[in-house]
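Step one of this worksheet: look at the structure below.
The values are calculated or read from the model by the stated rules, or taken from the named source; none is laboratory data. A quick note: this is a predicted structure, and the numbers were derived from the prediction, not measured. Heads up, the Cβs are rebuilt from the backbone with ideal geometry, glycines too, and the neighbour counts pull from every protein chain shown.
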Amino acid sequence: MISRRRSGASRPWLQPILAIVLARFVAAPIGLFGQAACVLGIVVLLKPWWLVRWLAVPAGLVRLSSLLGWLAGDLWDGDRAGGRLLAGAWALLRSASTRRAAALEALAQCSGRLGAAGLVGAGFLAARRGDRARARLLLESIDFLPSGVIPGEAARLAVSWRLADALAGARWSAAELLGARLEGIGRLIALAAARLDGRGGDSRLDRAWRWNAWRAPALRPLIERALAEPSRAAPAAPVEPRSADALRQHVALVAAAAPRLDDFRAVAAAWDASGAVPDEAEADLAALALAAGVALPEDADGVLGGAQRRARRQLLDDVESACRVLGARSGAGRDLPPLLEWHEPLAPRAAHERAARLGGLSVRRLLFPELHAAVCPVACRLWNERQQHVIAGATFRWLFDEAVTVGDARLAEHERKNLGATR
């Protein structure tokens, strides 16, 4: 169980006072250079993020970006350390040099209370050192926090990076969802991604591009590719007719860029009809389904049913393994930097959500008690001992929602008490 939250205070009044003082000097007879310096000082004090977005980050000025990000504390709800990390890491993504990377990594590991801005900065650092999987996990975890504690600019930057990552990986469905969360050009990207995913065959993309081409010339290759893509009003047909040889259908499924459930049904039916199913067929279909994110039906029989059972076992093993690792680390009682304390529960959570998506409610219900036993003690320690109230509260909310979804009344009541203590 967790203890009651202790609140803190913020003092956002100093920068406006200093700006007023500088404004008095602008009218004084101090020369053109002195007046220009005072005007620049006013901009730095009142709108430091303007300089970050339009000057420091495009130029890759890491140190200046960090300073201005710290000054923009009100933008991050007083989390100046998080703003400093985010701005510096964002500039580092644009910089050809990694000379300041070590200093930012040290800042990320020694930050006090971790907030959304710090998580975005840590995700950018992971991306800069080439660990895109970790960057993706950290930036996706922003969505787990309560909306009221996520600064709008931090959310925008996180979604923008994830959108670029989805486009680079040709994950069109994800790109469509992420683009729809952004205003302006993001909606245009969402329309293009929908077209590339085989949907959106109307003229909306063409009209939107004619209106916005001048704003985003860098998107021209993506839009032209999407406009040239033939629309698919109906789902794709099975890989090959059922009368074809089962092995050839299986090979075609392996080579398919985005296989669908109908493709798996056709290949499994071909193997069933052949009467000679090799031992590797079910295992291969299970691995392909997991890699493609295709949920095999629980009521399937024959080769498809065998593949579904193998995929289910693999999903269970992945979650149980992640929970054991987290439980062993938590049981050892070793304190880690707040960023790592937040990152560690993300692995079992991501594995659980994948298992729920591909294995259905029965798998979700079966795994939740073990997941709760691993994650809840970590969240309690983050709240009670580490004072990481934002990320701990978000974890309690997720555990409560998950307990309600799977119908576990005992654990739902346990998390309801934890949530009550966070208010």
Original post:
Looking only at residues in the stretch 91-119 that are within 19 Å of the chain's Cα centre (by Cα) and buried (at least 24 other Cβ atoms within 10 Å of the Cβ), which one is nearest to L138 (Cα to Cα)?
Top reply: L119
Original post:
What about V325, is it closer than 22 Å to Q109 by Cα and touching a helix residue (DSSP H, G or I) at 6+ places or on another chain (Cβ under 9 Å)?
Top reply: yes
Original post:
Does at least one position in the stretch 159-182 carry a residue that is in a helix (DSSP H, G or I), of a type in the set (A, V, I, L, M) and closer than 20 Å to L61 by Cα?
Top reply: no
Subject >> Residue among L139, L125 that alone is in contact with a Gly (Cβ under 7 Å, 6 or more places away or on another chain), closer than 24 Å to H389 by Cβ, modelled with pLDDT of 90 or more and not small (G, A, S) >> reply: L139
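The rows are residues; the columns are (1) small (G, A, S); (2) touching a Pro at 6+ places or on another chain (Cβ under 9 Å); (3) closer than 22 Å to A356 by Cβ.
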{"residue": "W271", "(1), (2), (3)": "no, yes, no"}
{"residue": "P278", "(1), (2), (3)": "no, no, no"}
{"residue": "G305", "(1), (2), (3)": "yes, yes, yes"}
{"residue": "Q308", "(1), (2), (3)": "no, yes, yes"}
{"residue": "R313", "(1), (2), (3)": "no, no, yes"}
{"residue": "C323", "(1), (2), (3)": "no, yes, yes"}
{"residue": "A328", "(1), (2), (3)": "yes, no, no"}
Subject >> Among the candidates A374, A412, residue that is in a helix (DSSP H, G or I) and touching a Leu at 6+ places or on another chain (Cβ under 8 Å) >> reply: A374
Subject >> Residues within the stretch 179-209 that are touching a helix residue (DSSP H, G or I) at 6+ places or on another chain (Cβ under 7 Å) and among the basic types (K, R), tallied >> reply: 4
**OP:** Answer with yes or no whether D317 is surrounded by fewer than 21 Cβ atoms within 10 Å (Cβ to Cβ) and either over 28 Å from the mean Cα position of the chain (by Cα) or in contact (Cβ under 8 Å) with a residue 24 or more places away in the chain (or both).
**Re:** no
**OP:** Can you give me the number of residues within the stretch 240-271 that are surrounded by fewer than 17 Cβ atoms within 10 Å (Cβ to Cβ) and either among the hydrophobic types (A, V, I, L, M, F, W, C) or more than 35 Å from the chain's Cα centre (by Cα) (or both)?
**Re:** 14
Original post:
In the stretch 61-86, which residues are more than 17 Å from R128 (Cβ to Cβ) and not in a helix (DSSP H, G or I)?
Top reply: A72, D77, G78, D79
Original post:
Looking at (1) closer than 24 Å to L290 by Cα; (2) surrounded by fewer than 17 Cβ atoms within 10 Å (Cβ to Cβ); (3) at pLDDT 90 or above; (4) among the hydrophobic types (A, V, I, L, M, F, W, C), can you tell me which one L367 breaks?
Top reply: (2)
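Residues checked against (1) buried (at least 16 other Cβ atoms within 10 Å of the Cβ); (2) not aliphatic (A, V, I, L, M); (3) not assigned by TED's automatic domain parsing to the domain that holds G118:
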position	(1), (2), (3)
L157	yes, no, no
E183	no, yes, yes
A194	yes, no, yes
A208	yes, no, yes
N212	no, yes, yes
I223	yes, no, yes
Subject >> Checking L285 against (1) modelled with pLDDT of 90 or more; (2) under 21 Å from L367 (Cα atoms), the condition it does not meet >> reply: (2)
Original post:
Does D131 count as among the charged types (D, E, K, R), touching a Lys or Arg at 6+ places or on another chain (Cβ under 7 Å) and without any contact (Cβ under 8 Å) to a residue 40 or more places away in the chain?
Top reply: no
Original post:
When S362 is evaluated against the numbered criteria (1) surrounded by 20 or more Cβ atoms within 10 Å (Cβ to Cβ); (2) of a type in the set (S, T, Y); (3) closer than 16 Å to L316 by Cα, which criterion, by number, is the only one it fails?
Top reply: (1)
Original post:
Which residues, taken from the stretch 141-157, are touching a residue at least 40 places away in the same chain (Cβ under 8 Å) and within 14 Å of the chain's Cα centre (by Cα)?
Top reply: S141, F144, L145, A154, L157
